[in-house]
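Have a look at the structure below before the remarks.
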Amino acid sequence: MAFFRLEPYDPCPPAQTGALDASTAEDQVVSLDIQSKYLFVDEYVVPGTPDVQNCGGYVDKVIQYRNPELLAYLSSQRVSAEAFSNSPFPILQTRSPQLDLILFALIERLRKGRPDGRVSLLDHGCTVAEHYDLLDAMLQASSGAARTAPNTLNYCGLDKSSMLLSIARMLHSKVQEEHFRLVRAEGSAFEFRDQEFDLSLSVGVINHVAQPLEALKKLLAATRVACVLAIWVTLEGDGFWAFNHSGVPNYFFSRDDLARLRDSRPGMRAFTAGFTPEMEASQKRSYVGIGEEKTSALGSYHLVFSTLDELPFEAQEAPL
């Protein structure tokens, strides 16, 4: 039996020296060639579209959220940040469930004063509506199954992918359509009435749409109580575009961008429930052509724009 010692190799060392932050980098061109393959006895090339590449991961989330053991765990605990952090289910410790926990607290706050107990939610970039399933598990766990997503939420999912929306409908075929609406639209090309939804959610999607600033302005206008975001920002003065390792364009909002957008929606304040510097992220060099100096000014907020005077979760006023 042969053994091999593998050593890490950095194909792009200029990022370590900051050379990619120099002004001369603006005159250079970077070409990306990305392929996805399953390797078995033979080789199968997977279609290189985000729809196909993302679908499996999001369906896998739905499967994990529907795990009876996960529901049993949450039912035995108080649904809380501590229960998520200490759970035997690693998925509960990832970014997306942390935002769902914020949504859950807001839903619980809003439903209590309503005759039908229903809360409306816009899921911006819903993929296969996996957030719906974790919220369903939390609602069931906190009520002895008396409350569920189908009898509590008026859900609207928006996505540009017909394929993902079709799968979202298939996975939630038993939910009445009047309480589970799906809208196909590019993430900045949507139109809703002012304050049509109690709550809205966007997990990084707002950074990838064609017109991020316009999209967030529309999202805030369509939200009555709170907009919950995972949003990538730069601490530098101006926002800018970059490409990630998958070739997807990403806009980094500046804090000035966010302050102007907050002020565009009268009565809203901005709160942060956490900030992760890009240098501490799991994929530290995700962006093409950006060295360590510029990366040190990047990070992601768990940001909540809200009209509430008091929030039902821990957060601080955002430094915008």
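Structural remarks
- Inter-label distance for E293 and D263, nm, one decimal - labels placed 7 Å from Cα along Cα-to-Cβ: 3.1 nm
- Distance between the modelled labels on L308 and Q195, one decimal in nanometres: 1.7 nm (7 Å Cα→Cβ projection).
- In plain terms, the residue of C156, C126 with the fewest other Cβ atoms within 10 Å comes first and the most crowded comes last, giving C156, C126.
- Alpha carbon centroid spacing (whole Å) that separates region 296-315 from region 140-160: 23 Å
- Long pairs among K160/K218; K112/K160; K61/K174, criterion Cα-Cα beyond 28 Å: K112/K160
- 11 Å reach of a label modelled at S75, 7 Å along Cα-to-Cβ, counting backbone N of region 140-180: 140-146
- Under 12 Å, Cβ to Cβ, from Q64 - net charge with Lys/Arg +1 and Asp/Glu -1: -2
- For a label point 7 Å along the Cα-to-beta-carbon line of E214, residues of region 224-268 with backbone N under 20 Å: 239-242, 249-254, 257-265
No lab work stands behind these numbers, since they all come straight from the coordinates. Predicted model, so just to flag it, every value in this text is computed and none were measured. Don't worry about glycine lacking a Cβ; one is built from the backbone with ideal geometry, like all the others, and counts go over all protein chains shown.
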